[in-house]
Amino acid sequence: MSIDSRPPAPSPSPALFSTARRAPRAPARFAALATLLAIVAGCERPEPRAASSPAPSSAFVEAGGAFPDAWPFGADGSPVTAAGGMVATTDEYASRVGVDILARGGNAVDAAVATGLALAVVNPEAGNLGGGGFLMVRLADGSVHALDHREKAPIAATRDMYLDEDGNVTDRSVVGHLAAGVPGTVAGLWEAHQRFGSLEWADLVEPSIRLANGFEVTTRLVSTLEAAQQGIRAFPASARIFLPGNEVPQIGDTFSQPDLATVLARLRDQGPDDFYRGETAALIAAEMERGGGIITLEDLARYEAVWRDPVAFVYRGHTVHSMPPPSSGGVTMAAIANQVEHWDLAALGWNGPDAIHVMAEAFRRAYADRNEYLADPDVVEMPLAELTSREYAEARAATISMERATPSDQIRPGVEAFLDESHTTHYSVVDGDGNAVAVTTSVNSWYGSKVVVEGAGFFLNNTMDDFSAKPGTPNQFGLVQGERNAVASEKRMLSAMSPTIVEDPAGGLFLVSGTPGGATIITTVLQTIFNVVDHGMNVVQAVHAPRVHHQHLPDAIVFEHGGLPEATVRALEARGHAVRERERGPPDAYFTGGMSGDVQLIMVMPDGTLSGWSDPRRGGFAVGYPQ
Ligand code: DON
């Protein structure tokens with residue numbers, strides 16, 4: 001098998017960062033990223049080869065488009081290219097597991113399942129067995145399928161379970177045993193394989209068992225553990241595995257997870273029965289009893305992944321397929337895109353005040369509706385047809401003034417809150433037949449609730465925080481959500497996760513995309529699409545381009561550190577927008593907090609070849625097959 005990959009680099013390579021555009025204040029995170037690439041390149045796998053294609057020109061560059069001077073990522077890198085398939089993830093180990101499955105004749109669903117399980121081992125801050133997610137499949141025949149394997153509230157969950165006696169929100173939805181919803185990942189990956197897989201299940205689980213028996217520690221593992229270690233230390237069973245000797249493991253150490261390897265071996269041999277009804281279920285229930293949690297054997301036995309009707313909408317001739325509730329992604333993206341389509345975004349000028357104003361006003365309106373109306377479709381009624389209709393978007397767009405920002409409290413009353421960083425992961429896969437899979441999966445915050453199931457070696461999520469613990473009060477993403485998304489027994493919490501597949505105007509597969517980022521997921525995925533469709537960017541540019549975000553409340557446009565020229569900020573402020581630059585953390589931090597998203601994007605080129613890119617913001621890896 002030959003592999004075409006992003007080049008590993010001892011120092012940032014032109015393919016990763018345009019040397020011409022590297023920030024004079026290039027933070028230590030880039031050195032860390034380079035180290036990561038160098039480390040993973042040294043693992044016991046085929047040496048990555050340099051991306052073979054020259055940097056393609058793009059309509060964006062030909063039209064004189066350029067990124068801001070202070071922006072660290074370039075517009076001139078070469079994407080990863082391949083003719084027979086591609087896997088783009090946040091981790092080289094995981095991408096290579098997926099490509100190996102393609103090489104063995106597996107299809108995109110087989111590769112996605114194996115990749116997802118590998119991420120549970122090598123990116124435990126986000127990849128998971130103890131969380132949940134959403135999976136979109138577009139088969140080569142054009143049919144599109146959406147699998148909801150979101151966590152559920154336990155049977156014993158109640159509306160006010162996260163409030164103290166004075167009615168104030170506690171941190172119990174974020175940390176500890178009560179924060180965990182009933183995990184859905186194992187059921188989801190199994191269901192996807194049952195319906196669409198072609199290789200044996202055991203063959204898809206085997207690579208992750210090997211990784212759980214030991215892999216060389218990467219910068220990402222070290223950095224995320226450093227960030228989360230304080231929370232993890234509070235749970236001895238978690239610290240024993242993830243802080244061996246009470247320390248964060250060192251880069252280059254071999255990190256082994258024997259308990260997890262045993263759970264994965266049972267998963268290989270027994271399928272999901274073990275996780276939901278067998279020995280692993282018993283370990284989860286025992287952990288809950290020990291820590292005062294409420295997930296029971298009955299909760300686990302009752303969990304089911306659910307096929308849902310995908311949301312589809314047309315944006316400038318391109319059909320976009322994304323997740324329906326309990327994800328808010330598809331509906332909110334449709335509502336935004338239908339409004340934005342009233343303007344010629346390219347003519348307004350990429351990253352200029354007019355284009356950002358239009359996007360922010362559409363974001364604001366769509367998030368106001370999202371936060372109010374969307375929730376678990378099995379529990380609440382939602383005006384989905386209206387929210388995604390062109391007529392509704394027209395009425396909403398008609399209230400946008402090009403001269404003035406509309407204060408969010410004129411759309412709905414609100415409160416101030418802050419965005420925060422936490423973690424999820426996305427992976428995109430395309431096989432040689434043109435089947436495509438996009439999966440976004442999460443334990444919510446980094447390392448979820450920080451609770452590892454004793455004897456099972458995996459973290460449980462803290463996704464209960466995606467409910468409105470107290471309607472009208474912000475959650476950890478600053479999202480102010482309503483009554484419909486209140487906690488209730490066996491309900492699924494609203495998500496922003498948006499695995500998305502886009503068709504070209506002729507109806508062929510065009511883009512496979514997705515990202516983490518909490519509330520910013522929706523606006524990030526959509527801007528990636530705007531970057532390609534409106535601004536003519538190639539995959540590298542579309543992923544590298546700085547992003548903006550607005551979520552109705554707090555009433556502010558948030559932009560990535562260095563992502564907006566000063567003149568644009570001033571012009572937006574002159575229209576009445578509050579404009580906030582994301583703050584960078586300490587200069588030596590890996591994830592400094594100044595950026596949003598971690599997009600994994602694959603594009604089908606006019607000649608049928610694949611062009612892919614993995615976001616350098618947190619350091620991922622796209623691998624093509626074969627060259
Ligand atoms: O489902 C959601 O919307 C959140 N639990 C996603 C969390 C997330 O993306 C955190 N990553 N940065």
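The values are calculated or read from the model by the stated rules, or taken from the named source; none is laboratory data. Just so it is clear, the structure is predicted and the values come from calculations on it, not from any experiment. Glycine also receives a Cβ, built like all others from the backbone with ideal geometry; neighbour counts cover every protein chain displayed.
A few notes on this one:
- Residue tally, condition within 16 Å of the ligand (Cβ to nearest atom), farther than 13 Å from L387 by Cβ and not in a strand (DSSP E or B), over region 314-349: 2
- The condition (being modelled with pLDDT of 95 or more, within 19 Å of L117 (Cα to Cα) and hydrophobic (A, V, I, L, M, F, W, C)) is satisfied by just one residue among A265, A285: A265.
- Filtered residues of region 531-542 (kept if over 15 Å from F67 (Cα atoms) and surrounded by 24 or more Cβ atoms within 10 Å (Cβ to Cβ)): none
- Restricting A305, A285, A301 to those that are within 16 Å of the ligand (Cβ to nearest atom) and more than 30 Å from A395 (Cα to Cα) reduces the list to A305.
- All of (1) buried (at least 24 other Cβ atoms within 10 Å of the Cβ); (2) out of contact with any Ser or Thr (no Cβ under 7 Å at 6 or more places or on another chain) hold for D504 with one exception: (1).
- The residues of region 316-355 that are polar (S, T, N, Q) and closer than 21 Å to Q551 by Cβ, listed by number, are S322, S327, S328, T332, N338, Q339, N351.
- Strands (runs of 3 or more DSSP E) within region 493-569 that include 1 or more residues within 16 Å of the ligand (Cβ to nearest atom) and in contact with a Lys or Arg (Cβ under 8 Å, 6 or more places away or on another chain): 557-559
- Residue pairs whose Cβ atoms lie under 9 Å apart, sitting 6 or more positions apart in sequence or on different chains, and linking a residue in region 244-258 that is assigned to a strand (DSSP E or B) to a partner that is of a type outside the set (A, V, I, L, M) and surrounded by fewer than 16 Cβ atoms within 10 Å (Cβ to Cβ), are T254/G214; F255/G214; F255/P244.
- Any hit, region 226-248, residues being on the phi > 0 side of the Ramachandran plot and either buried (at least 20 other Cβ atoms within 10 Å of the Cβ) or of a type outside the set (V, I, T) (or both): yes
- Summed over region 259-278, the residues that are in contact (Cβ under 8 Å) with a residue 40 or more places away in the chain, among the acidic types (D, E) and crowded, with 18+ Cβ neighbours inside 10 Å give a count of 1.
- Whichever residue in region 94-137 is surrounded by fewer than 24 Cβ atoms within 10 Å (Cβ to Cβ) and not in a loop (DSSP other than H, G, I, E, B) and, among such residues, is nearest to the chain's Cα centre (by Cα): D100
- Residue selected from region 450-476 under the condition of a type in the set (A, V, I, L, M, F, W, C), in contact with a Phe, Trp or Tyr (Cβ under 6 Å, 6 or more places away or on another chain) and not in a strand (DSSP E or B), by the criterion surrounded by the most Cβ atoms within 10 Å (Cβ to Cβ): V451
- L199 at pLDDT 95 or above, closer than 30 Å to M136 by Cα and outside any loop (DSSP other than H, G, I, E, B): no
- Here V205 clears all of (1) at pLDDT 95 or above; (2) surrounded by fewer than 21 Cβ atoms within 10 Å (Cβ to Cβ) except the condition numbered (2).
- Of all residues in region 437-449, those satisfying the criterion of being within 15 Å of the ligand (Cβ to nearest atom) and either crowded, with 24+ Cβ neighbours inside 10 Å or assigned to a strand (DSSP E or B) (or both) are A438, V439, T440, T441, S442, V443, N444, S445, Y447, G448, S449.
- Flag if D110 is of a type outside the set (S, T, N, Q) and without any contact (Cβ under 8 Å) to a residue 12 or more places away in the chain: no
- If you go through region 376-385 and keep only what is touching an Asp or Glu at 6+ places or on another chain (Cβ under 9 Å) and either loosely packed, with under 15 Cβ neighbours inside 10 Å or free of Cβ contacts under 8 Å to residues at least 12 places away in the same chain (or both), you end up with D378, P383.
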